[in-house]
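In what follows, a single structure is set out as structure tokens and then discussed.
The values are calculated or read from the model by the stated rules, or taken from the named source; none is laboratory data. Since the model is a prediction, treat every value here as computed from it, not as a measurement. For neighbour counting, all protein chains shown are included, and Cβ atoms are generated from backbone atoms with ideal geometry for every residue, glycine included. Just the protein is used for accessible areas: all its heavy atoms, side chains included, with ligands, DNA and RNA removed. Shrake-Rupley method; radii C 1.70, N 1.55, O 1.52, S 1.80 Å.
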Amino acid sequence: MKKFITTALVMLGVAAFPLQAHALFTNIGFETGDFTGWTIPAGYGVPSDRSVEFGSDAGAGYGTYFAKIQASDADTWIAIVQTATLEAGTKIDGAFKFDYLDEGAPHLDEAIVQIQHAGWANPLEPYYVAGESTDGWLYWSWTAPEDGSYTLSYAVKNVGDEDVPSYGFFDTKQTAPNAVPEPMSLTLMAGGLAGLALRRFKR
Ligand SMILES: [Ca+2]
Ligand SMILES: [Ca+2]
């Protein structure tokens, strides 16, 4: 009996192992309604109008909220960034939109989405646009090729002038590489083992 209980406990331990938290980004989709988890990197300008808004337009991002970043001082990137230690296979889906407002002026305001791995020389750029609005929301998808530290950044730059800022809109969702068992199925598994143990005990 003692041996059986030990075996059952070991099995439970193995079953519970996948529940250990994967390292993921915090509030990657802005669903807290604010910038919890995100920071403004040193050397970047302080946004004059950095807000999180309801994703009310059709097909906007994921969930209820997305980030809207207004360009500010001339030639200064206004950015929000976040670093996370990801497991290989972690999938990131992003939504991106740019409202370029300097129509007719020679100032090609910019917006960019970057993913920087700690071990890479250069960041990946899932999206970069300058001098033109996007045709509504655009979507990108990326999967972490290896375990490591990754920094995701969203940025907008007011090029050449401070008078007519452009706006970048960003949203994201993430999927851990290994599906975590539903709490329900774990409960059932534990219940089943307990039932087996009880049957053994009654004999
Ligand atoms: Ca969202
Ligand atoms: Ca401008």
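For the stretch 76-111, the set of residues classified as modelled with pLDDT of 90 or more and in a loop (DSSP other than H, G, I, E, B) consists of 87, 88, 89, 90, 100, 108, 109, listed by residue number. Taking the criterion of being surrounded by fewer than 18 Cβ atoms within 10 Å (Cβ to Cβ) and either away from ligand 2 (no atom under 16 Å from the Cβ) or under 21 Å from residue 34 (Cα atoms) (or both), the residues of the stretch 72-92 that qualify are 81, 83, 85, 87, 88, 89, 91. Which members of the stretch 128-158 meet the condition of being within 16 Å of ligand 2 (Cβ to nearest atom) and open to solvent by 30 Å² or more (accessible area, probe 1.4 Å)? The answer is 130, 132, 133, 157.
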